[in-house]
Every structure is written in C-alpha cells, then in structure tokens.
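The values are calculated or read from the model by the stated rules, or taken from the named source; none is laboratory data. These figures come from a predicted structure and were not determined experimentally. All Cβ positions, even for glycine, are placed from backbone atoms using ideal geometry, and neighbour counts span all protein chains on display.
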Amino acid sequence: MEPHECRGTEEQVNPYVTRSRDLAPHELRVLVAVADEGGFGAAAATLGLTQSAVSHSVRGSEGKLGAVLFERGRSGARTTEAGARVVGHARRVLRLLALMAEEARTGPGEIRGPLRIAAFRSAALHLLPPALTALAARHPDLEPEVRVVRDIGAGTAGEVAEGRADLAIATLGGSAALPAGLVSGALVEERYALVHPAAHPEPRTLPLVDWTENCGSYTRDWWAAQDWIPRATVRAEDDGTVLSMVGTGIGMAIMPELALRGGVPDGVRITDLGPDRPVRSVGYVTTAELAGTGPVRALIRELRVLSRDR
C-alpha cells in the first residue's frame, strides 16, 4: 500500500484547518454590517472597507452557503428570509468569540465586560434594577446594557434569537414556541387585577383602556369568557399611559402586577379579579451557548435570588 493512501485529505488529517466553505469572523462582520446599515456602501463606511470589498465578501459568503442572503435594490440591501437567519447566527457567533477572548483574559471568578439585556418596559422598570444593583456589587467590572423592547411579535426573545441581546426578560408560556436554540427559565408569576377610579361605584361598567402588549394566549381564553369586559375603546402606547388615563377617570383597565409595582396614581384602586384571574409567567431567555458564560450566569443567579425573595 502506498503511504499516501492512508493519509486521507488535509482536512481529515488536521481538523483545525478551516474548511473552504466555513465563514471566517471577518465575513460574519460584513454580513452583520450590511444587515444593520441596510446597504453595502454604508456597511463599507462602518467597517472602513471599500464597497467592492464588501460586495465581494457577501458574494463569497453566499457562494459558500449556497443561498442568497440579501435582496439588492436602489434603496439598499435587505436580508432575505435565509439571510435574516444567517445574520442572527453571525451576531451570536461573534458575541461568543468576544466572550471567549474576554474570559481568556480574566482570572477565576472574575466577570467583566458588556452584558446585553433586552426587557419589556415594566420589567426594565421594576424587575431589572434590583438585580443589576446586586450584580454591580458582586461584579463591578461588568457593564450591563439594557434595551427596552415592546413585548409584541418576536418581542424580547427575538432580540436574543437575532443576536442583539445576551439575555431577555420575556413573557413565557404563550402559544408561540421559543425560536430554536433558545432556553428559558421562569422567574415570577404575575396575577392580573382590575385597575379603576376609586370613586366609581361600578368600575366594571366603565370603558376599557388597553395597550397592544397586554394581549397574549395566557389571557385570551379568560378574556373571552368575561362577558362584562367591553372591547377597548381607548388604546394607549404603554402601561404607564394606561394608568394615567385610568387616573383621570377615562375608564378601567386589566393589568399585570409588574405594571403596578411602582404604584398607581392618586384616586386609582386595584381590585382582585378572584381565583380564576389570569396569570402570566415572566422569565429569562438566552441561548444554550450563552447560558454557560460568566455574565449571563451571574445575572440569572441574581434574578433567581430576587424572585425567591418576592
């Protein structure tokens, strides 16, 4: 037998050789920049490259993956369905590479660097602050970055799936399953209550004030069974505006506990809806890979401690 017949290809002999169809980190950065900037020229300016270099890189990535990632047009470039998935993976891979480098430079038990968090408004106002305060005391070199995201559509979990956040505070248990690759854990169970002007003798007869985020599969069945609840006649941008409107006597609202934790305006009363009231679960969402990293583990630990102490 000739010696070369046992050696196999270079790829088989050395698994650390990058395969020709793998995307390199610089190619991932180009894809993310084009998606974020909405065009090749803007991405080139952001990256300090020529537009032709960006175009060449994208074509190379599309060739390696066997898919068109961007729709090109006069107004710029936008991701195709496949491209959106690829860019989400690219952001997540680049984040893991950054964390790998950060953790390689730190000592045992030392946690530092950015921690990207997405949360809906009431969670950002009332759930995150005590957790971040405790986190800062334990890990002063950690740098939390909080983005408030509306809890509709893909919501905060979508920010994690798209690689824009390391961890999200999200509503769990809805009819839509989490995107593939994400993991979650429950933190608090929120009861809903009737919120109404204190002076009104029959608050259930008032018009309903509501907001878009206050609708999900966890409340829909209960809502449909309540013949006393009218269709919303007033819609607001967020729960804070709803409370303000209820305070002026415009109507009543049905709201979860977290939205009421900061207190209600003078003249507003909170009334229990009874044992069959709807409940929603609020928890964290992250990726399977990020769940094992120092910053994400540390935040989950503080959130769990606070949820047990409630």
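Could you list, in sequence order, all residues of region 220-242 that are in contact with a Pro (Cβ under 6 Å, 6 or more places away or on another chain) and within 17 Å of Thr271 (Cβ to Cβ)?
Once the filter is applied, which keeps residues that are in contact with a Pro (Cβ under 6 Å, 6 or more places away or on another chain) and within 17 Å of Thr271 (Cβ to Cβ), region 220-242 yields only Trp222.
Being farther than 25 Å from Leu172 by Cα and assigned to a loop (DSSP other than H, G, I, E, B) is the filter here; which residues of region 189-230 pass it?
Residues satisfying the conditions are Ala198, Ala199, His200, Pro201, Glu202, Leu206, Pro207, Asp227, Trp228, Pro230.
Of all residues in region 94-105 being out of contact with any Pro (no Cβ under 8 Å at 6 or more places or on another chain) and in contact (Cβ under 8 Å) with a residue 24 or more places away in the chain, which is nearest to Ala43 (Cα to Cα)?
Looking at the filtered set, the residue picked out is Arg95.
How do the helices (runs of 4 or more DSSP H) wholly within region 235-310 filter down when requiring 1 or more residues that are assigned by TED's automatic domain parsing to the domain that holds Leu208, at pLDDT 90 or above and of a type in the set (Ser, Thr, Tyr): which remain?
239-247
Does Ala137 fit the bill of being among the small types (Gly, Ala, Ser), surrounded by fewer than 17 Cβ atoms within 10 Å (Cβ to Cβ) and within 16 Å of Leu167 (Cα to Cα)?
Here the answer is no, as Ala137 does not meet what is asked.
Would you check if there is a residue in region 107-115 being under 21 Å from Thr156 (Cα atoms) and either touching a strand residue (DSSP E or B) at 6+ places or on another chain (Cβ under 7 Å) or not assigned by TED's automatic domain parsing to the domain that holds Arg301 (or both)?
Within region 107-115, the subset under 21 Å from Thr156 (Cα atoms) is 114-115.
Next, from what is left, pick out any that are either touching a strand residue (DSSP E or B) at 6+ places or on another chain (Cβ under 7 Å) or not assigned by TED's automatic domain parsing to the domain that holds Arg301 (or both): 114-115.
Scanning region 107-115 turns up at least one residue that is under 21 Å from Thr156 (Cα atoms) and either touching a strand residue (DSSP E or B) at 6+ places or on another chain (Cβ under 7 Å) or not assigned by TED's automatic domain parsing to the domain that holds Arg301 (or both).
Considering region 267-290 alone, what residues qualify as being within 17 Å of Gly181 (Cα to Cα) and surrounded by fewer than 18 Cβ atoms within 10 Å (Cβ to Cβ)?
Hits for region 267-290 are Ala288, Glu289.
Over 19 Å from Val279 (Cβ atoms), acidic (Asp, Glu), part of a loop (DSSP other than H, G, I, E, B) and not assigned by TED's automatic domain parsing to the domain that holds Glu257 - does that describe any residue in region 166-181? Please lay out each step first, then the result.
First, the residues of region 166-181 that are over 19 Å from Val279 (Cβ atoms): 166-168, 177-181.
Subset that is acidic (Asp, Glu): 166.
Now restrict to residues that are part of a loop (DSSP other than H, G, I, E, B): 166.
Keeping just the survivors that are not assigned by TED's automatic domain parsing to the domain that holds Glu257 gives 166.
Looking for residues that are over 19 Å from Val279 (Cβ atoms), acidic (Asp, Glu), part of a loop (DSSP other than H, G, I, E, B) and not assigned by TED's automatic domain parsing to the domain that holds Glu257, one finds at least one in region 166-181, hence yes.
Counting only residues that are in contact with a helix residue (DSSP H, G or I) (Cβ under 8 Å, 6 or more places away or on another chain) and of a type in the set (Ser, Thr, Tyr), which one in region 1-46 is modelled with the highest pLDDT?
Across region 1-46, the extreme among qualifying residues is Thr46.
So, in region 178-209, how many residues would count as being without any contact (Cβ under 8 Å) to a residue 40 or more places away in the chain and exposed (fewer than 15 other Cβ atoms within 10 Å of the Cβ)? Full working, then the answer.
So in region 178-209, the residues without any contact (Cβ under 8 Å) to a residue 40 or more places away in the chain come out as 179-180, 201-202, 205.
Then drop every residue that is not exposed (fewer than 15 other Cβ atoms within 10 Å of the Cβ), which leaves 180, 201-202, 205.
So the count comes out to 4.
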